[in-house]
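Notes follow the structure.
The values are calculated or read from the model by the stated rules, or taken from the named source; none is laboratory data. Remember, it's a predicted structure, so these values are computed and weren't measured experimentally. Every residue, glycine among them, receives a Cβ derived from its backbone with ideal geometry; neighbour counts consider all protein chains shown. All accessible areas refer to the heavy atoms of the entire protein, side chains included, with ligands and DNA or RNA removed. Shrake-Rupley method; radii C 1.70, N 1.55, O 1.52, S 1.80 Å.
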Amino acid sequence: MIVAAVLFGYTALLCTLMPRLLRGARWAERAPRLGIAVWQVLGVSSLAGAVMAGLALTVPTVRVSADLASMLQACVMALTAQYASPGGAAAGAAGAVLALAVLGRTAWCAGAAVLQIRRERRDHREVLDLVGRRDAVRGVVVLDHAEAAAYCVPGRHRRTVITTGALQALDDEQLTAVLAHEDAHQAERHDAVLTWAQTLARAFPRVPLFRTAETEIARLVEMRADDVAAARSGRLTTAAALLAVAGGRTPAAGLAAGGSTAAQRVRRLIEPHRPLNRARIAAGSLTAAAALALPLLVLGGPAAAAMQLNYCPDGTPPSQVTTMR
Ligand SMILES: [Zn+2]
């Protein structure tokens, strides 16, 4: 029961406290890739914590043995011990329901999200192929529209789209910055990152961690794409390019250069650039790795210890069988 309680406590802490601590963190703006990774790790770790807490309630641990018959007997004894009492059976059933519900809900929402996004992208590509014209030199699809907008439709049949309004508003350097921004979205698969964040937020809409992570990741992937563009064209040029296309609308299937966070990103680009130093990035990465590993260690520790115990011989009372809860 202690293992399950620790895992529940850990998951609750991640889901409620971490979004308050990390929302709008300045260090994440200085290292957007690390920020994205940390939010992803928190999401995966909280999911893993909930599932493993359910497993810890459901499945007792027995010593692993080469003697299959004896090990199976121990398994039966441990299960019998756990499920002999109404309380143990109820806890086991509740744990199984929790683990299956979390896994099933996540898988269902992920599948639905992937199907919806594929359909939206396919439909949008078909429209683009009808109304847009290919610019082979720039590798983009040009749309005749007065509104200055640029976006990409990610995936295997990717398209980078730019309007004639944007071509008129941007000079060559700014256009290079915008295209570098869109290339970064495609190269780093920001669409998949966003889809996963949206999946968790829709699967568990009442969990503050997932709601905040969706917003923060959407902000940070734009900042990361801005940084790639700025490395190529300069921060002021990228800021000017963002301003030019900030008002452009983006279809649901696309990732834009502008968007609702454009003003904040422009301000970030024109402020003095202070990237996070390597030591802090290493410390953040290690912390994220520890958060990812913690549920496994909490669950695996008692299991590993159980492997060292004297294996219960025939006739051992069920109460002496090690159980992992
Ligand atoms: Zn973008």
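Residue 280: within 16 Å of the ligand (Cβ to nearest atom), within 19 Å of residue 216 (Cβ to Cβ) and of a type outside the set (Gly, Ala, Ser), yes or no? When the stated conditions are applied, residue 280 does not pass them. Against the criterion of being assigned to a loop (DSSP other than H, G, I, E, B) and modelled with pLDDT of 90 or more, residue 205 qualifies. Would you say residue 268 is open to solvent by 30 Å² or more (accessible area, probe 1.4 Å), away from the ligand (no atom under 13 Å from the Cβ) and either at pLDDT 85 or above or over 30 Å from residue 14 (Cα atoms) (or both)? No.
Restricting the search to region 223-262, which residues are within 14 Å of the ligand (Cβ to nearest atom), open to solvent by 20 Å² or more (accessible area, probe 1.4 Å) and within 18 Å of residue 30 (Cα to Cα)? Those that are within 14 Å of the ligand (Cβ to nearest atom), open to solvent by 20 Å² or more (accessible area, probe 1.4 Å) and within 18 Å of residue 30 (Cα to Cα): 224, 227, 228, 261.
Number of residues in region 275-290 that are of a type in the set (D, E, K, R) and either surrounded by 13 or more Cβ atoms within 10 Å (Cβ to Cβ) or closer than 20 Å to residue 177 by Cα (or both) equals 1. Residue selection: residue 37 fails the criterion of being open to solvent by less than 20 Å² (accessible area, probe 1.4 Å), at pLDDT 85 or above and under 23 Å from residue 268 (Cβ atoms). The residues listed here are 122, 156, 118; of these, the one that is more than 16 Å from the ligand (Cβ to nearest atom), charged (D, E, K, R) and not in a helix (DSSP H, G or I) is 156. When 201, 184 are checked against the criterion of being crowded, with 20+ Cβ neighbours inside 10 Å, away from the ligand (no atom under 15 Å from the Cβ) and of a type outside the set (D, E, K, R), a single residue qualifies: 201.
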